[in-house]
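First the structure, in the form of C-alpha cells, and then the observations on it.
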Amino acid sequence: MATVYFGNLETVPYTKRKHFVLLSKEMEKKLGESQFEQLKSGFKGKILPAIHPESVRVRLIAKNIIDSLQRGLSHDQIWRDLEYASPESSLEHDATATLGGREEDLGITWSREDEILDDKWVQQSRKESREKGSSSKPTTNHLEGLNWEVLVINQPDVNAMCLPGGKIVVFTGLLEHFRTDFEIATILGHEVAHAVARHIAETVTKNLWFAILQLILYQFIMPDLVNTMSALFFRLPFSRRMELEADYIGLLLLASAGYDPRIAPKVFEKVAKVAKESTLQDYLSTHPSGKKRAQLLAQAQVMEEALVIYRDVVAGRGVEGFL
C-alpha cells in the first residue's frame, strides 16, 4: 500500500500541492477523448463550423492560452496548431459575433490589507515546496504531445470545459454573457488549468475512496445521512479547493497570454451575477461563490505574481517556468 501511495503522488504546478492519482495518464487521456466524442455525437447539428466567427474567435483566444501554457512549462517541444474539432465548413449559420473585443473598465483595487486568509494552504504548500527544493518538481508530463482541439456548441448553456487530452468545449450561451476577449480568456484559462492540475483524474481517485468510506459507514448510519455528510464534509470542500487552484493557475496562464490579469476578479463577480448565486454558495456548491473567487484573486500576493508576468509579456521580455 505504501508503494502504491507514494508511487502515485504527484505535485500540482504552481500551488505545489501533493495529490494522490491512481488513474494513469494514458487512461485519463482516453477518458477525455471518449467524453469529447460523446459530446460531439450528442450535440450533432448544433456544432458551429470552423469558419463561423465565434469558432474562429474562441480558437484564437484558446491558442493564446495554450501558447502561454507552453511557455509556462518551459518545454522544448513544439505544440501542434490548435485544431477545430468540427469538420463542417458550412456558411449556413448566422455570423452574429464580431472578432475581437474591448476591455471594459476594470474598476478593481486591491492592497495588502485586503488579503483573505482562507487560502493559506496555497502559500503554505508553496513554502514547503521551496524548502524541499528539486524533490518537489511539478508534474507536467501529462501535457506533452496533446492534440488540442476546440469545439463551440450552439446551445444556451452558460458553460465551458477542458477535458483531459486537450479537448476544449465552449457553449454559445457563455459567449452571450461574456462577450469580450478578456472575459473569455479568463474562463478558458481557468478550464485549461483543470487539465494542468489533473483534477479529473484526481476526482476519479477520490471518488474511489469516498465510495469505500460510504460502504463502511452504511453499516452504522442511515444511507441518506451518510450521503449528505459525505457531500458536505468531503466532496464539496474538495471540489471547491480544486476550483480555487484552477483560478490561481488560470490567472498565471491569462497573464502569460498577454491579458491583463486584473480583469479576472471582475469576470468572477460577473459569474456570480449571471448564476444568481446565493450566500450559501460557499458551502453547498461544487464551486466557491463568484464573489469569494474575485476576492481571493484580487489579493496582493496573488495578483502581484500575475502582474509581474503580464508586464514582462507586454514589455516583450517573455516569461518561462512560472508554473
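Overview of values
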quantity	calculated
Förster radius 30 Å - calculated FRET efficiency between residue 83 and residue 38 (Cβ-Cβ, nearest 0.05)	0.95
Ascending count of other beta-carbon atoms within 10 Å, so fewest first, for 6, 43	6, 43
121, 148 arranged by Cβ crowding within 10 Å, fewest neighbours leading	121, 148
Fewest-first sequence of 131, 183 by Cβ atoms within 10 Å of each Cβ	131, 183
Under 10 Å, Cβ to Cβ, from residue 294 - net charge with Lys/Arg +1 and Asp/Glu -1	+3
Extension reserve of the residue 24-residue 311 stretch, reckoned as 0.36 nm per residue once the Cα distance is removed	99.6 nm
Among the listed pairs 44/206; 63/132; 18/291; 120/276, those beyond 31 Å (Cα-Cα)	44/206; 63/132
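Here, each number is a calculation from the coordinates, and none is a lab measurement. Here the structure is a predicted model, which means the values were calculated and not measured. When we count neighbours, we look across all protein chains shown, and the Cβ atoms used for this are built from the backbone with ideal geometry, even at glycine.
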